[in-house]
1. State the extension gain, in nm to one decimal, for the chain segment bounded by ILE56 and THR24, taking 0.36 nm per residue of separation less the distance between their alpha-carbons.
2. Mind checking which of ASN104, ASN120, ASN40 has the largest fluctuation in a GNM of the chain, springs on alpha carbons under 10 Å?
3. So how tilted is helix 47-59 from the main axis of the chain? Cα-based, degrees 0 to 90, rounded to 10.
4. Could you line up TRP95, TRP135, TRP146 from fewest to most neighbouring Cβ atoms inside 10 Å?
5. Testing the spin-label approximation: label points 7 Å from Cα along Cα→Cβ at GLU189 and LYS117. State their distance in nm.
6. On full extension of the chain, what length is gained from PHE152 through ARG103, given 0.36 nm per residue of separation minus the C-alpha to C-alpha distance?
7. Could you work out which residue, out of GLY187, GLY125, GLY77, moves most in a Gaussian network model of the chain, that is, has the largest mean-square fluctuation with Cα springs under 10 Å?
8. What is the P(r) of the stretch 92-204, as percent of Cα-Cα pairs per 5 Å bin from 0?
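Please treat every number below as a calculation from the coordinates, not as lab data. A quick note: this is a predicted structure, and the numbers were derived from the prediction, not measured. Don't worry about glycine lacking a Cβ; one is built from the backbone with ideal geometry, like all the others, and counts go over all protein chains shown.
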Amino acid sequence: MEKNMVRFYNDQAFAPFIMLFEMTNELSLNELKELRGQLNEKMNDHPYTKELDEIIANKEFRVGIEAPEFSIKGMDGEDIELKNFIGKYILLDFWASWCGPCRNEMPNVVKLYKECKGKNLEIIGISLDQKPEPWKKAVKDLKMTWPQACDFQVWYGPVARRYNLTVVPYTVLINPEGKIEALNLRGEELITTIKTLLKNNKKK
């Protein structure tokens, strides 16, 4: 019934609205994509359709896909853009100063950075803080000397949404070709996996 309504009203805001609020959790990814394709192209720029497209993209987020491009303000005021790091392994480390598990995990990231600095690896810390003061203090206290960024939008910033972020700490490892290599590596697994990849990549 709802699918037929979407098809019938495919040139009106009602169609993406009902898909967004009634169907995203009920339909499979393929069903959502098929029904999205039924919307009239004049609806492509509607806010409901854009949010629907973002949800579909998030559902597709997995190892092997091309990492979503982003630009976010760094601690030094300069923009950090993913495209400028492609060609190396890139570890996106999502964290927050208010997150206890993030603080507990950070020594592993510090160890990784010290042992792999200059070995074809870049780490970018992306914080979900709301205010600059606790963020900057935590960066200093936790000895995070790699590039840091924050848009102060917590879970609702464009980077968090593009990377389907629902929890911190969370890591995304991107390979030199710009594709997602691994998700949510932690602890010793984080260090050993990246060291192995760097070693194997060096042999090529």
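1. 10.7 nm
2. ASN40
3. Result, in degrees: 50.
4. TRP146, TRP135, TRP95
5. 2.8
6. Result: 15.8 nm gained on full extension.
7. Most flexible of the set in this elastic network: GLY77.
8. That works out to 2, 11, 23, 25, 19, 12, 5, 2, 0, in percent per bin.
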